[in-house]
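Everything on this sheet refers to the single structure shown next.
Every number here is computed from the coordinates shown, using simple stated rules; none is lab data. As the structure is a computational prediction, the values presented were derived from the model and not from experiment. Don't worry about glycine lacking a Cβ; one is built from the backbone with ideal geometry, like all the others, and counts go over all protein chains shown.
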């Protein structure tokens, strides 16, 4: 039996306001549920950056996706989108890491997430536990057209 990979998204890769999946995920992933991780969100430049909270005091909500069995092409696309491929300057802005995601009724599961990989000093912490920014929503709508 093949184990499926999972992806946790919290920003511009979330479902669009009309319920459609982000174009990068459209043919390679299936929406599972709204879930959370222990972490803090920071405003980077009209998009969020997630940093894990080792003290488990703060949570960030997002979406969990089950990826298609062959997700190689999707990972290449997502890694380029998140600028964590060899063609981008070091240190990369994001890094992809496997983390424990908390599901309300189905227990924890490991999922890949793109974590902010640079210092947060001077960045504005996003108050609340979910990123909701109209510019990101508009960006997603434009990508879907």
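Quick notes on this one:
- For residue 17, the criteria (1) within 24 Å of residue 104 (Cα to Cα); (2) surrounded by 14 or more Cβ atoms within 10 Å (Cβ to Cβ); (3) touching a residue at least 24 places away in the same chain (Cβ under 8 Å) hold in every case but one, which is (2).
- Residue in the range 71-79 that is assigned to a loop (DSSP other than H, G, I, E, B) and surrounded by fewer than 16 Cβ atoms within 10 Å (Cβ to Cβ) present: no
- Candidate set from the range 46-66 (those that are assigned to a loop (DSSP other than H, G, I, E, B) and in contact (Cβ under 8 Å) with a residue 60 or more places away in the chain); member that is surrounded by the fewest Cβ atoms within 10 Å (Cβ to Cβ): 46
- The numbered conditions (1) free of Cβ contacts under 8 Å to residues at least 40 places away in the same chain; (2) over 14 Å from the mean Cα position of the chain (by Cα) are all true for residue 31 except (2).
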